[in-house]
Amino acid sequence: MLKIKVQDLNKLFDAISEKEPLYMPLEKAGEANYGLYKTGEKTALDVLKTVKSAKDLFFPQSETIVKFKTEGKNITVEDIREEVKPFVLFGVKACDFKAFEVLDKVFLADPVDTYYQAKRNACTVVTFACRRPEESCFCKVFGIDAANPVGDVTIWKDDENLYWRENTEKGSKLTESVRYLFAEGGEKDVQNQQEETRKIIEKLPFSSLDLSYFENTEMMDIFNRPEWQKLSEACLACGTCTFVCPTCQCFDIREFKASNDQIIRYRCWDSCMYSDFTQMSHGNNRTTQMQRYRQRFMHKLVYYPENNGGLFSCVGCGRCVNKCPQKLNIVKVVKTLGGKKDD
Ligand code: SF4
Ligand code: SF4
């Protein structure tokens, strides 16, 4: 275990960013989101939840995938993919890190999404253990230990120091490059902090959510529950929940004419909450908001685990709990359909 004084953190960020692009939570317009660190940037490492999750770095909100050059009736395809240079993603919380596992099972399954894969391979992930999780957090329900995330390097922070543990070969390489800034020690401080954090987690209001109903009930019985109607009634179809969610992975592919002879094809995040989502030539297979709402939660709690060895595609980050303008969220669904009813 290594440690560095909190007042020397900018030296650490500068040292990392001199060697490789460093992406970390930054404060912009009063909000914290992952961005490219530059010396003097206002960092937001202590913010518990960035608005958008760290998935942006591997699966950006909008991404050009190919360009076409037209000349009369001829079209030339331009593959714009370039080698992704190594970069560091710093300060990822345990829930967002677990979300990478959910995304990997989609984007790295055959046929592999090479855009996602290239960024994933180039990245060294530094995870950041939570010190004071808040009421909307429920990662524990999904077996995540917020006090001990993995990644290539894990960091903990208190008012005095940042503690650093390398976990992988990539992590050792990063450690080597900044080792001169660190002193040895910190095991006991980290251990104490972990114990405190776990005590807080035990007391959080959603930590005892019970998912067994979704594990032990026939898919169609869940699908046909009449409560979906009431649960979805207030939904505005704004898509906020899907855009802040670290595991949502739906995208659309579109094209636009960039100039007289160039067409750009790009992909951008989409939402199963939208009425025009996956519209087909024969029309739409989900025609009501109830059906769309049900689809989102059936996917998180039933379809995805069914296809991925029981892994839920929610990591309990609580962003949808905080951000839905109608106070709808996955916790309400779990409680209504089968969770602990006395919370
Ligand atoms: S954030 Fe709330 S209102 Fe908006 S689509 Fe999601 S569930 Fe519906
Ligand atoms: S469904 Fe909600 S709590 Fe679960 S991972 Fe997505 S945003 Fe977080």
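The values are calculated or read from the model by the stated rules, or taken from the named source; none is laboratory data. If you're wondering where the values come from, they're calculated on a predicted model, not measured in any experiment. Here the Cβ positions follow ideal geometry from the backbone for every residue, glycine too, while neighbour counts run over all protein chains shown. Protein only, heavy atoms only, side chains kept; ligands, DNA and RNA dropped before computing areas. Shrake-Rupley method; radii C 1.70, N 1.55, O 1.52, S 1.80 Å.
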Using a 1.4 Å probe on the protein heavy atoms, what percent of the accessible area of segment 115-240 belongs to carbon and sulfur?
48 percent
Taking R0 as 45 Å, what FRET efficiency do you get between Gln262 and Ala29 from their Cβ-Cβ distance, rounded to the nearest 0.05?
0.85
For the pairs Lys300/Lys335; Lys49/Lys335; Lys140/Lys335; Lys73/Lys257, note any where the Cα-Cα span goes beyond 19 Å.
Lys49/Lys335
Please enumerate, by chain and number, the lysines with C-alpha under 22 Å from the C-alpha of Lys85, excluding those fewer than 8 residues away in the same chain.
Lys19, Lys38, Lys55, Lys67, Lys119, Lys170, Lys173
Rounded to the nearest 5, the percent of DSSP beta bridges in the chain running antiparallel is 80 percent
Can you spot the aspartates and glutamates whose alpha carbon is less than 15 Å from Lys93's alpha carbon? Ignore those fewer than 8 places along the same chain.
Asp46, Asp56, Glu101, Glu134, Asp145, Asp152
Please report, as a whole percent, how much of the solvent-accessible surface of segment 1-93 comes from carbon and sulfur atoms (probe radius 1.4 Å).
48 percent
Using a probe radius of 1.4 Å on heavy atoms only, what accessible surface per residue do you get for the chain? Whole Å² is fine.
50 Å²
Net +/- balance of residues flanking Cys137 in space, Cβ distance below 13 Å, scoring K and R +1, D and E -1:
+4
In square nanometres and to one decimal, what's the mean projected area of the convex hull around the Cα atoms of segment 1-124?
10.8 nm²
Check: segment 197-343 dipole with +1 on Lys, Arg Cβ and -1 on Asp, Glu Cβ, in debye
480 debye
What is the magnitude of the charge dipole of segment 268-343 about its Cα centre, with +1 placed on the Cβ of each Lys and Arg, -1 on the Cβ of each Asp and Glu, and no other charges, expressed in debye to the nearest 20?
280 debye
Can you give the longest run of the chain that contains no GluC sites (Glu not before Pro) sitting in a DSSP loop with at most 14 other Cβ atoms inside 10 Å?
234-343
Suppose every K and R has +1 on its Cβ and every D and E has -1 on its Cβ; what is the size of the dipole of the chain about the Cα centre, in Debye to the nearest 20?
740 debye
Net charge over other residues, Cβ less than 12 angstrom from the Cβ of Tyr303 (K, R count +1; D, E count -1):
+2
Backbone HN-Hα couplings from phi across segment 165-176 [Karplus 6.51/-1.76/1.60, Hz, Gly and Pro as x]
10, 7, 10, 9, 4, 4, x, 5, 5, 5, 4, 3
How much space per residue, in cubic angstrom, does the convex hull of the C-alpha atoms of segment 41-87 take up?
136 Å³
Kirkwood Rh, the chain, all Cα pairs: how many Å?
21.9 Å
List, largest first, the extents of the alpha carbons of segment 223-314 along their principal axes, each in whole Å.
53, 29, 26
